[in-house]
Amino acid sequence: MAGERFSIQVAKDYLKFSAAHFMAHGEGRERLHGHNYRVSLRLEGVLGEDGYVMDFALVKDLGRRLCRELDERTLLPARSDCLSIRELGESVEVVHRDGSRFLFPVSDVVLLPIAHTSAEELAWFLATRLKEELGSGMRQGLESLEVGVAESTGQAANCRVRLT
């Protein structure tokens, strides 16, 4: 099967997280709201000698761990150009350009290295985290990974990351 490309996909019911967020840009922002996000993972590459692209069990475990990091948290974009985010003791203060102010307990927040908490940027964040988790000991023959983040049924964003 030389030259053939294979892929595996994992989209289990437990690959999900519930989180609050709001989109902020320019002079406006959405109201704080939440989603029950669903995550799908896809890895593509050549077949190994063992007949796998990658073991499903490993992919499922990594996906669960990544979802757990975001579950029941408020997602904040650390790279926003219109939000000021700072830690004040046990709280995180978020101030938008329009003057609106939020105060969250530190334990309820995840600061993400993104500019917006859109499904697209969440998919990018999870894809880069999955790539990190796979690490340099990544299975030979993996060529790309793709992460899908669905905000609701029929509404999802995907990010594909090349590994080679």
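The values are calculated or read from the model by the stated rules, or taken from the named source; none is laboratory data. As the structure is a computational prediction, the values presented were derived from the model and not from experiment. Cβ sites come from the backbone with ideal geometry, for glycine too, and all protein chains shown count toward neighbours. Protein only, heavy atoms only, side chains kept; ligands, DNA and RNA dropped before computing areas. Shrake-Rupley method; radii C 1.70, N 1.55, O 1.52, S 1.80 Å.
A few points about this structure:
- With a simple spin-label model that places each label point 7 Å from the Cα along the Cα-to-Cβ direction, the separation between GLU72 and LYS60 comes to 2.3 nm.
- Student exercise, segment 58-164 dipole from Lys, Arg, Asp, Glu Cβ charges, in Debye to nearest 20: 320 debye
- Averaged per residue, segment 16-139 has 52 square angstrom of accessible surface, using a 1.4 angstrom probe with ligands and nucleic acids left out.
- Phi angles of segment 26-32 translate, via the Karplus equation with coefficients 6.51, -1.76, 1.60 and θ = phi - 60°, into HN-Hα couplings of x, 9, x, 7, 6, 6, 4 Hz per residue; Gly and Pro are given as x.
- Helix-derived mean residue ellipticity, 222 nm - over the chain, DSSP H n ≥ 4, -39500 (n - 2.57), to 500: -6000 deg cm²/dmol
- A straight line joining the Cα centroids of segment 1-42 and segment 77-140 runs 14 Å.
- For VAL109, the residues whose amide H sits under 5 Å from its own are THR74, ignoring neighbours fewer than 5 places away on the same chain, with H placed 1.01 Å from N.
- Stretched out straight at 0.36 nm per residue, the stretch from ALA11 to ARG79 would grow longer than its current Cα-Cα span by 21.6 nm.
- Taking the protein heavy atoms of the chain in the context of the full set of protein chains, the accessible area attributed to carbon and sulfur is 46 percent at 1.4 Å.
- Potential lengthening of the chain between ASP108 and LEU47 amounts to 17.8 nm, from the contour at 0.36 nm per residue minus the alpha-carbon distance.
- Nearest 10 degrees, 0 to 90: helix 119-134 Cα axis against the chain principal axis: 50 degrees
- Positive contributions from Lys and Arg (+1) and negative ones from Asp and Glu (-1), summed over other residues with Cβ under 12 Å from the Cβ of TYR14, come out at +4.
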